[in-house]
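Presented below is the structure to which this report refers.
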Amino acid sequence: MDPKKEDRCVFCEIVAGRAKAHRIYEDDLSLAILDINPFSKGHCLVIPKRHVPWWHDLTEEEVESLFRVARAVSQKIMKAFSPDFVAIYARGRRIPHTHIFVVPTYGGDVLDRFFNALEGFQEATIELAKLKSEEEFQEAADLLRSA
Ligand SMILES: [Zn+2]
């Protein structure tokens with residue numbers, strides 16, 4: 001790991017206590033903070049304390065911690081804000097330090113409309129339609145099972 005990269009990572013700065021954040025909950029391996037660009041009130045991010053760009057490169061212990069903390073924060077969100085449910089997703093393209101979005105979600109809100117639009121796109125797009133043939137499903141399943 002390039003130490004210079006970690007020095008410039010805002011999440012590493014937050015974990016180290018050198019950058020400001022609204023810390024909500026943590027354990028030894030993960031930290032939950034409020035997202036500075038919330039989709040809804042109480043929107044949190046859960047990050048591993050170690051600098052790991054992609055979530056699938058985390059250790060078993062880090063994955064367990066990350067999801068345990070995400071669940072604990074989701075339960076806090078349900079108690080504090082009573083949303084319809086709490087959505088989680090991981091992307092992490094903008095800041096290369098794994099983060100799970102933990103978002104209180106209400107029918108018709110921004111995130112709900114975004115995912116509804118994405119699902120519409122997923123179902124209707126011609127370029128994706130070719131992935132729906134039995135041959136494509138079989139090939140994908142074979143490749144995944146043997147990977
Ligand atoms: Zn980092």
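Which of A72, A124, A32 moves the most in a Gaussian network model of the chain with Cα springs under 10 Å? The residue with the greatest mean-square fluctuation here is A124. For the chain, the tally of Lys pairs with Cα-Cα distances below 30 Å comes to 13, considering only residues 8 or more apart or on different chains. Whole-Hz Karplus values for segment 31-39 come out as 9, 10, 10, 6, 6, 6, 10, x, 7 Hz, taken residue by residue from phi with 6.51 cos²θ - 1.76 cosθ + 1.60 and θ = phi - 60°; glycine and proline positions read x. Note on the chain: GNM, Cα springs under 10 Å; of E134, E60, E13, the largest mean-square fluctuation is that of E134. Note on the chain: GNM, Cα springs under 10 Å; of H22, H97, H51, the largest mean-square fluctuation is that of H22. Taking Lys and Arg as +1 and Asp and Glu as -1, the other residues whose beta-carbon sits under 15 Å from that of Q138 total -2.
Heavy-atom accessible surface of segment 3-106, averaged per residue, reaches 60 Å², computed with a 1.4 Å probe.
Using the Cβ atoms and a cut-off under 9 Å, what net charge is assigned to the surroundings of T105, where Lys and Arg are +1 and Asp and Glu are -1?
Numbers: positive: none; negative: D84, D109, D112.
Net charge around T105: -3.
Principal semi-axes of the equivalent ellipsoid, √(5λ) from the alpha carbon gyration tensor of the chain, are 30, 22, 14 Å from largest down. Dividing the summed helix terms, -39500 (n - 2.57) for each DSSP H run of n ≥ 4, by the number of residues in the chain produces a 222 nm estimate of -13500 deg cm²/dmol to the nearest 500.
For segment 51-103, a Kirkwood radius taken over Cα pairs fed into Stokes-Einstein (10 °C, viscosity 1.306 mPa s) yields D = 134 µm²/s. With a simple spin-label model that places each label point 7 Å from the Cα along the Cα-to-Cβ direction, the separation between A140 and Y89 comes to 1.7 nm.
The values are calculated or read from the model by the stated rules, or taken from the named source; none is laboratory data. On a predicted model such as this, the values are computed, not experimentally measured, just so you know. So basically every Cβ, Gly included, is an ideal-geometry build from the backbone, and we count neighbours across all protein chains shown. Surface areas here come from the heavy atoms of the whole protein model, side chains and all, with no ligands, DNA or RNA. Shrake-Rupley method; radii C 1.70, N 1.55, O 1.52, S 1.80 Å.
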